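Following: one structure in C-alpha cells, then a few remarks.
The values are calculated or read from the model by the stated rules, or taken from the named source; none is laboratory data. All values derive from a computational prediction rather than experimental measurement. Positions of Cβ are backbone-derived with ideal geometry, glycine not excepted, and every protein chain shown enters the neighbour counts.
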Amino acid sequence: MNPISRNLLRIAAAACAALGAASFNAQAGSATTSMQVQITLVASCAIAANTLNFGSGVGLLTSAVSGSTTLSVTCSNTTPYNVELDGGTVSGSTVVSRLMAGTTTGNTGTTIGFQLYSNAGLSTVWGNTIGTNTVSGTGTGSVQTLTVYGQVPVQTTPKPDTYQTTITATVAY
C-alpha cells in the first residue's frame with residue numbers, strides 16, 4: 001500500500017471512530033417529571049426513671065427522711081404532655097397514701113408510708129390525675145429532666161428489712 005492510501009485509510013478510520021462515538025452520545029430528546037419526598041412526624045413521647053433510694057443507714061424513723069431522683073421526658077417539639085405517678089404496687093397503696101412493703105419472706109405485709117412530690121418544698125403531691133396533681137410541660141424534641149422529691153415521714157419503725165415498691169411513671173400526650 002502506498003503512503004497516500006495509507007494516510008487516506010487512517011483518515012477514514014479516524015472519521016468512522018469520531019462518527020461512531022458521536023452516535024452513542026446523541027440523544028433524540030428528553031422528558032422530565034417531579035417526585036414528592038416527604039415524612040410525616042406524629043406526636044411522640046418517651047419517659048425514663050431513676051431509682052429513688054432513701055438510704056440504708058436509717059435505724060429509726062424518728063425524723064423524716066427525704067430524697068430525690070429524676071425522670072427524663074423526651075417529647076416531639078411543641079407536643080404538650082403530662083407526667084403521672086401512680087400509687088405503686090403495694091397492696092393498699094394509693095397516690096394519697098403511698099406504701100413500701102418489706103421484702104423478706106414473712107415480712108412482706110409490713111409497710112412504711114412515704115410520699116412523692118413535684119416541688120422541693122414537699123407541698124404538692126405528685127399523682128396521676130391530669131389537671132390536678134400531674135406535672136405538665138411542652139416537648140422540645142430534646143430530653144427534659146424532671147425532679148421527683150420524696151419523703152418518709154416520722155412513723156412507728158417496723159422491723160429491719162429492705163422496704164420497696166414500684167411506682168409507674170406515665171407520660172400522657
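Kindly establish whether Val90 is assigned to a loop (DSSP other than H, G, I, E, B), at negative phi and aliphatic (A, V, I, L, M).
Working: assigned to a loop (DSSP other than H, G, I, E, B): yes; at negative phi: yes; aliphatic (A, V, I, L, M): yes.
Judged against the criteria, Val90 is a match.
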Starting from residues that are surrounded by fewer than 19 Cβ atoms within 10 Å (Cβ to Cβ) and of a type outside the set (S, T, N, Q), keep the ones in the range 62-85 and report whichever is farthest from Thr145 (Cα to Cα). Ala64
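Can you name the residue in the range 41-61 that is assigned to a loop (DSSP other than H, G, I, E, B) and at pLDDT 95 or above and is also farthest from Tyr163 (Cα to Cα) among such residues?
Initially, the range 41-61 is screened for residues assigned to a loop (DSSP other than H, G, I, E, B), giving 41-44, 50-61.
Imposing the further condition that a residue be at pLDDT 95 or above reduces the set to 42-44, 50-54.
On the way: Val42: 41, Ala43: 38, Ser44: 35, Asn50: 17, Thr51: 13, Leu52: 12, Asn53: 10, Phe54: 10 Å.
The selected residue is Val42.
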Only one of Thr166, Thr156, Thr132 is out of contact with any Asp or Glu (no Cβ under 6 Å at 6 or more places or on another chain) and under 28 Å from Val42 (Cα atoms), namely Thr132
Looking at the range 119-137, is at least one residue assigned to a loop (DSSP other than H, G, I, E, B), surrounded by 16 or more Cβ atoms within 10 Å (Cβ to Cβ), at pLDDT 95 or above and β-branched (Val, Ile, Thr)? yes
Checking Arg10 against (1) within 30 Å of Gln155 (Cβ to Cβ); (2) modelled with pLDDT under 95, only one condition comes out false. Which one? (1)
